[in-house]
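The block underneath contains the structure these notes are about, expressed in structure tokens.
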Amino acid sequence: MKKKTAIIKLIEYELPECFLTNEILATDFPDWSVERIEQKTGIRVRRIAAQYECASDLGVRAAEKIFINSSCKREEIDYLLLCTQSPDYFLPTTACLMQDRLGLPNSCGALDFNLGCSGYIYGLGLAKGLIETGQAYNVLLVTAETYSKYIHPSDRSVRTLFGDAATATLIQRSSATKEIIGPFVYGTDGTGGKNLIVPTGGSRLLRSKESAEVVEDEHGNFRSQDHLYMNGAEIFTFTLISVPNAVKKLLFLSGKKMEDIDLFIFHQANKFMLEHLCKKLKLPENKFFISFKDYGNTVSSTIPIALNDALSQEKLRAGDLVMLVGFGVGYSWGATLVRWV
Amino acid sequence: MNKQEFIVLLEGVVEAEPGTITGNETIESIPGWDSLAIVSFIAMIDESLGITLSPKKIADAKSVDDLVALIGDNII
């Protein structure tokens, strides 16, 4: 029987036009200088969606680049996976609306899945499953996020870190005889849900006049219940435990050693977290790819953006084995290996 | 790690001049002890002692001695 092996064919990304620079942030948060913001976050600029620009708009533009830069035609896409926590509506499914906007065939499956920083790994896992069980030939995996719309402008803890972006990845069936994507490690710990959350707007807590009341926290940040809240210390502690464990488990499952990995691409959470994880795992710095300087933390898009940048900088080449690790909101985490083809 | 080494580590975390923290002050009175410093403190303790401290317990600490107590037997 002919092999049905999933491979990553192409990755594209799209950034909104508006720039949020450290100069703007230093004006809004006078306690911090431009230099201090760059030194602490490692970020030079974040890109922010326009007022009426949705995550799906960025996602459609990223996906259109796939059709420009590959031989895959839109009528060949038989599954669209959209990872987002900024959907257009509660319902319908944003991926269904994107099927129409992208001119994908009616025979195409489409679904949204709600994950953040671990989302790209889960998307690759779903795409691999669809392809290798014969359900799809060409899967379009889109990650699209506009956290900026959830952020209070006076909340330094998140405004300095997050940027908006979307990516599109074409995952195709090939006849490769060896596994190209995988194995996978997944993990979930819902006890951490409260540490990275937009409390209102869903069914659990409705938006109201009371929920919109802005209060100052103990660190001088302002937000209401309708805004994104992040407990940075708790998130950091979670990653200190979950990420090294996921890396070890993935190496065990794949029978590989650290030295067998040509490039490590972790979710680009922030400079501090990445530097610490790199040191803790004793990874060689030249194999630990960094790409947040011009985007900030773009949630589920950081890993595909980094992959694209690593390719264009020739840090990732055909034949390389790359380890991808996503972790964050949920808590949710995932890790996988990809042999670059 | 002894208490003096711990204080030096703490001074590094809050970017204070050496010798400015005596060890007897309340945490609130230490300039620079903010959310970033707490994350930095967790990282430093993880790096030097291999212990993952609970952010909630750090937030509950009132004095430098309370922080020392979190590290337990690892401080002499």
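Any residue at all in the range A:193-207 that is within 23 Å of residue A:11 (Cβ to Cβ) and part of a helix (DSSP H, G or I)? Show your work before the answer.
Taking the range A:193-207 as the starting set, the residues that turn out to be within 23 Å of residue A:11 (Cβ to Cβ) are none.
No: zero hits.
For the range A:322-334, what are the residues that are open to solvent by 10 Å² or more (accessible area, probe 1.4 Å) and among the aliphatic types (A, V, I, L, M)? Break it down stepwise before answering.
Pass one, the range A:322-334, residues open to solvent by 10 Å² or more (accessible area, probe 1.4 Å): A:329-331, A:333.
Across the range A:322-334, the qualifying residue is only A:329.
Check whether at least one residue in the range A:245-258 is under 29 Å from residue A:320 (Cα atoms), assigned by TED's automatic domain parsing to the domain that holds residue A:317, open to solvent by 50 Å² or more (accessible area, probe 1.4 Å) and among the aromatic types (Phe, Trp, Tyr), and report yes or no.
Of all residues in the range A:245-258, those under 29 Å from residue A:320 (Cα atoms) come to A:245-258.
When the remaining residues are screened for being assigned by TED's automatic domain parsing to the domain that holds residue A:317, the result is A:245-258.
Now restrict to residues that are open to solvent by 50 Å² or more (accessible area, probe 1.4 Å): A:245, A:248-249, A:252-253, A:255-258.
Now narrow it down to the ones that are among the aromatic types (Phe, Trp, Tyr): A:252.
Looking for residues that are under 29 Å from residue A:320 (Cα atoms), assigned by TED's automatic domain parsing to the domain that holds residue A:317, open to solvent by 50 Å² or more (accessible area, probe 1.4 Å) and among the aromatic types (Phe, Trp, Tyr), one finds at least one in the range A:245-258, hence yes.
Applying the selection to the range A:206-245, what residues are of a type in the set (A, V, I, L, M, F, W, C) and within 20 Å of residue A:193 (Cα to Cα)? So that I can check it myself, show each step before the final result.
Going through the range A:206-245, the residues of a type in the set (A, V, I, L, M, F, W, C) turn out to be A:206, A:212, A:214-215, A:222, A:228, A:230, A:233, A:235-236, A:238, A:240-241, A:243.
Matches in the range A:206-245: A:206, A:228, A:230, A:233, A:235, A:236, A:238, A:240, A:241, A:243.
Which fully enclosed strands (runs of 3 or more DSSP E) of the range A:226-341 have 3 or more residues being of a type outside the set (Ser, Thr, Tyr) and over 30 Å from residue A:36 (Cα atoms)?
Where strands (runs of 3 or more DSSP E) fall fully within the range A:226-341 and carry at least 3 residues being of a type outside the set (Ser, Thr, Tyr) and over 30 Å from residue A:36 (Cα atoms), they are A:321-328, A:332-339.
For residues that are over 16 Å from the mean Cα position of the chain (by Cα), within 14 Å of chain B (Cβ to nearest Cβ), touching a residue at least 40 places away in the same chain (Cβ under 8 Å) and within 23 Å of residue A:213 (Cα to Cα), tally how many sit in the range A:179-199.
Result for the range A:179-199: 1.
Condition (residue is more than 20 Å from the chain's Cα centre (by Cα) and open to solvent by 10 Å² or more (accessible area, probe 1.4 Å)) applied to the range A:262-275: is it met by at least one residue? Give the derivation first.
As a first pass, look at the range A:262-275 and keep what is more than 20 Å from the chain's Cα centre (by Cα): A:262.
Filter once more, keeping what is open to solvent by 10 Å² or more (accessible area, probe 1.4 Å): A:262.
Yes, that holds for at least one residue.
For every residue, the table says whether it meets (1) in contact with a strand residue (DSSP E or B) (Cβ under 7 Å, 6 or more places away or on another chain); (2) away from chain B (no Cβ under 14 Å); (3) touching a residue at least 24 places away in the same chain (Cβ under 8 Å).
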| site | (1), (2), (3) |
| --- | --- |
| A:5 | yes, yes, yes |
| A:9 | yes, yes, yes |
| A:16 | yes, yes, yes |
| A:19 | yes, yes, yes |
| A:25 | no, yes, yes |
| A:29 | no, no, yes |
| A:35 | no, no, no |
| A:40 | no, no, yes |
| A:52 | no, yes, no |
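What pairs come up if the first residue lies in the range B:50-72 and is surrounded by 14 or more Cβ atoms within 10 Å (Cβ to Cβ), the second is basic (Lys, Arg), and their beta carbons are under 6 Å apart, counting only those six or more places apart or on different chains?
That search, which allows pairs on different chains as well, returns B:70/B:57.
Could you please find all residues in the range A:225-241 being more than 10 Å from chain B (Cβ to nearest Cβ) and open to solvent by 10 Å² or more (accessible area, probe 1.4 Å)?
A:225, A:226, A:227, A:229 - these are the residues of the range A:225-241 that are more than 10 Å from chain B (Cβ to nearest Cβ) and open to solvent by 10 Å² or more (accessible area, probe 1.4 Å).
The values are calculated or read from the model by the stated rules, or taken from the named source; none is laboratory data. From a predicted model like this one, the values you see are computed outputs, not experimental measurements. Backbone-built Cβ (ideal geometry, glycine too); neighbour counts: all protein chains shown. Each accessible area value is taken on the protein alone, full model and side chains, heavy atoms only, with ligands, DNA and RNA left out. Shrake-Rupley method; radii C 1.70, N 1.55, O 1.52, S 1.80 Å.
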